[in-house]
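Before any comments, here is the structure.
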Ligand SMILES: [Zn+2]
């Protein structure tokens, strides 16, 4: 059977729902832990995009869990089988907890390819169809510390019928039972934990049924699927997550898939989510932008210089995502569009802006370079642009999660929300 060491110890629950705590017993030997609310380290095939291991480790407070996805691993199954020692050794990852999910949250996943017995993932070479047998053979070669069970998650589009949603819940439960059955027979997976997947689209009863049934199985935690950015507005998402969480045991972590925007993260933490995927800084980097939202909740002005940003700036030319924010209606396409939490360094107004990306940020990029230099790298398509932006965006995003935990510990969640959300209305312009 799946391992039983992984446990969430809650230190505080704020206003009945927001959970502060620590996940203990992570890793095969149970030697790792992770504070929640927290996020996983997003990677492509084991590597944080743009960064080498050396560069990555210039960053403080990196999460102890590295996320890899079967969509990028499935097409290398034969090589990994031949290698034998698992993905961690293959990718040169050492002191980290390895978590294997099905899909890449930052990559589009075409729908219409699941059947009663299979789900499809999309790698660089196209579609790969997975049966439970193949899925489990992959887990055996990857040898993660924990993995997401196989799931039919094709119900996030808001025109999905009730019948289709019900089918996705049934299939996902059947896949979980089959995965658990195979799991206990595979020696290589001894001590590895399984996260059950909660589906149910936007139908409350199906969400509750999925959560209730999944919680009956011997899983170590839960993935909340089909609630990603673009699938629904935050009010409905909060409602569904709240209902789901009532059915889930308190001592098992809840990982929300596909949600990364700071405003949505805050709302979902308030609904009781513990873990997120950290693909958002990567998306911001890919569009040539730098995260700049304010999350400084220190009362001591002396600290403001060392703690994150005072700088708040919005794109003068308008902000489509900001608009979408207000009416709560965000289309899927908008996931790749700029948000009001970032500045676009490709903009020509930065060509002579000699300030750091975010004043007070202690990352390598902000300590050594100015906006004007990064602007130059971007317009001349230098690879270093992506490296520097990814360093800053990763540092900024993980700093936000630290501030979030600090806010929960010190009754400052409202202050943090004001910083992150309300301050977005302030526009600082250079000229
Ligand atoms: Zn920085």
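If we keep just the residues of segment 278-296 that are in a loop (DSSP other than H, G, I, E, B) and in contact with a strand residue (DSSP E or B) (Cβ under 8 Å, 6 or more places away or on another chain), which is farthest from the ligand (Cβ to nearest atom)? Among those residues, the one meeting the criterion is 279.
When 403, 385, 372, 407 are screened for being within 30 Å of residue 271 (Cβ to Cβ), within 16 Å of the ligand (Cβ to nearest atom) and either at pLDDT 95 or above or in a helix (DSSP H, G or I) (or both), only 403 passes. Across segment 231-239, a minimum of one residue is classified as surrounded by 22 or more Cβ atoms within 10 Å (Cβ to Cβ) and either within 16 Å of the ligand (Cβ to nearest atom) or at pLDDT 95 or above (or both).
Taking the numbered list (1) over 17 Å from residue 260 (Cα atoms); (2) within 16 Å of the ligand (Cβ to nearest atom); (3) under 26 Å from the mean Cα position of the chain (by Cα); (4) in a helix (DSSP H, G or I) in turn, residue 419 passes all entries but (2).
In segment 266-277, what count of residues is obtained for those that are closer than 13 Å to residue 224 by Cβ and assigned to a helix (DSSP H, G or I)?
So the count comes out to 2.
Screening segment 356-369 for residues that are part of a loop (DSSP other than H, G, I, E, B) and out of contact with any strand residue (DSSP E or B) (no Cβ under 8 Å at 6 or more places or on another chain) and picking the one that is surrounded by the fewest Cβ atoms within 10 Å (Cβ to Cβ) gives 359.
Can you find, within segment 336-355, the residue that is surrounded by the most Cβ atoms within 10 Å (Cβ to Cβ) among those that are assigned to a loop (DSSP other than H, G, I, E, B) and away from the ligand (no atom under 16 Å from the Cβ)?
Residue satisfying both the conditions and the ranking: 339.
Residues that are touching a strand residue (DSSP E or B) at 6+ places or on another chain (Cβ under 7 Å) and surrounded by fewer than 17 Cβ atoms within 10 Å (Cβ to Cβ): which strands (runs of 3 or more DSSP E) entirely in segment 50-160 hold 3 or more of them?
Numbers: elements: 65-69, 97-101, 118-123, 126-131, 146-148.
Qualifying strands (runs of 3 or more DSSP E): 126-131.
The values are calculated or read from the model by the stated rules, or taken from the named source; none is laboratory data. Note that the coordinates shown come from a computational prediction; the quantities given were computed from them, not determined experimentally. Here Cβ is always computed from backbone atoms with ideal geometry, including for glycine, and neighbour counts include all displayed protein chains.
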